[in-house]
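What follows is calculated from the coordinates using simple rules that are stated; it is not laboratory data. On a predicted model such as this, the values are computed, not experimentally measured, just so you know. We place every Cβ from the backbone using ideal geometry, glycine too, and count neighbours over all the protein chains shown.
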Amino acid sequence: MANETNVDVTKTVNDLMGAVGKIGQMQVDIVTQILNSAASAVEPLGKTASELVGNLTSTLTSTLQNVTSSINPQK
């Protein structure tokens, strides 16, 4: 009788530890998916922002060249 109780307790502890392990793995999977989703969202935003800065720089450079050429006309 005592041996059966030990087996039941051992089985219960093993089942509990298995469940805790599965929960821990699920949390790791969720965090990994969140990080991957965030990285996927940030990548196009970064590309668009860098293109915008490049376009603004080009526009500013062209504007300054036009202003400079209108102030100092070439001979």
Handout entry: Shape box of segment 15-75 [Cα atoms, principal axes, largest first, Å]
Key = 90, 10, 10
Practice task
Could you check the simple spin-label distance between SER62 and ASN6, using points 7 Å along Cα→Cβ, in nm with one decimal?
Solution key: 8.6
Problem - Structure-based [θ]222 nm, the chain - -39500 (n - 2.57) summed over DSSP H runs of at least 4, per residue, nearest 500 - result: -35500 deg cm²/dmol
Problem - In degrees, nearest ten, helix 2-71 long axis to first principal axis of the chain (Cα) - result: 0
